[in-house]
Each structure stands twice: as structure tokens, then as C-alpha cells.
Amino acid sequence: HHHQHQGLVAACHRSANQHNIPVQYMTSLELRKRYPQFIFQDDDIGLLEPGGGFVRPELAVRAALDDAMEGGAKVKENVCVTSIEEVVEGTDDNRDSCDNDGGHVILHVEDGDDIMAKKVIVSGGAWMGKLIP
């Protein structure tokens, strides 16, 4: 089953090269030296991305919200958006227009306290299809 992992490492290496991401192969000896807390087999290999890391999404979102609020944004948490309505100024029959100059967007929310905004960024994940047709 190690050969399967070697194929995965090779595929990751190709992908990194395609996207100009610097990476380096590591032998099992190098892996053991760098990561002594893990047990490596003699034929194990690794791929290290020196500039890589990880993000804790909850903390990243919290930091972004804090920055937004410091900039004057009002944040409503734990509110379900049920629909998004684009309103183009001066034309009721042109609702589907993507030209939002002078228009606004209304977020209809479950608690009835709808939100009006000039622009909206929608990141609904699995619920995207319910918000954006």
C-alpha cells in the first residue's frame, strides 16, 4: 500500500510544479529526523511545502468579522438568510439585471429584520443553490 501513497506524492509534486509552488521530496530518513513524533517505514517518502501551513477557519472568520466591525460593519450572527433580492433603481421590470449601479440588494432573513446592502458576497457552501438560482 506504500506504492499507492508514492503515486499520491508524485501527483502532488506535479500539481505543485504546475502552480509554481516550491516543494521538496523527503526520504524516510529525512522524515524521521524532521518529524520524530511519527513512525515512518523505510520506503516512505514525503513532500514538504516550506511555505505551507494550515488555517483554523473559525479563528480566520472571527478575525475577519472583528476587522469588519472595526471598519464600521454591522454583523448579525446566527441569522438564516432565506432569499436574496436584487433591486435595480428605477426599473421594477429589470430585476434580473446584473447592472447594480445605483441599485441595492435585500437579504430576507428568518427573523424578519431584512438587511439592505449595496453589495453582498455570498458564501453559502452547501446551501448556495437555495440562495442563488
Inset, instruction - Considering only region 106-117, state which residues are more than 15 Å from V75 (Cα to Cα) and open to solvent by 90 Å² or more (accessible area, probe 1.4 Å). - result: E110
Legend entry - Total residues in region 18-42, condition in a loop (DSSP other than H, G, I, E, B), of a type in the set (D, E, K, R) and surrounded by 12 or more Cβ atoms within 10 Å (Cβ to Cβ): 0
Inset, instruction - Just name the residue that is farthest from the chain's Cα centre (by Cα) out of those in region 51-84 that are open to solvent by less than 90 Å² (accessible area, probe 1.4 Å) and within 30 Å of Q6 (Cβ to Cβ). - result: G51
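The values are calculated or read from the model by the stated rules, or taken from the named source; none is laboratory data. Everything numeric in this text was worked out from a predicted model, so none of it was measured. For neighbour counting, all protein chains shown are included, and Cβ atoms are generated from backbone atoms with ideal geometry for every residue, glycine included. For accessibility, only protein heavy atoms count, side chains too; no ligands or nucleic acids. Shrake-Rupley method; radii C 1.70, N 1.55, O 1.52, S 1.80 Å.
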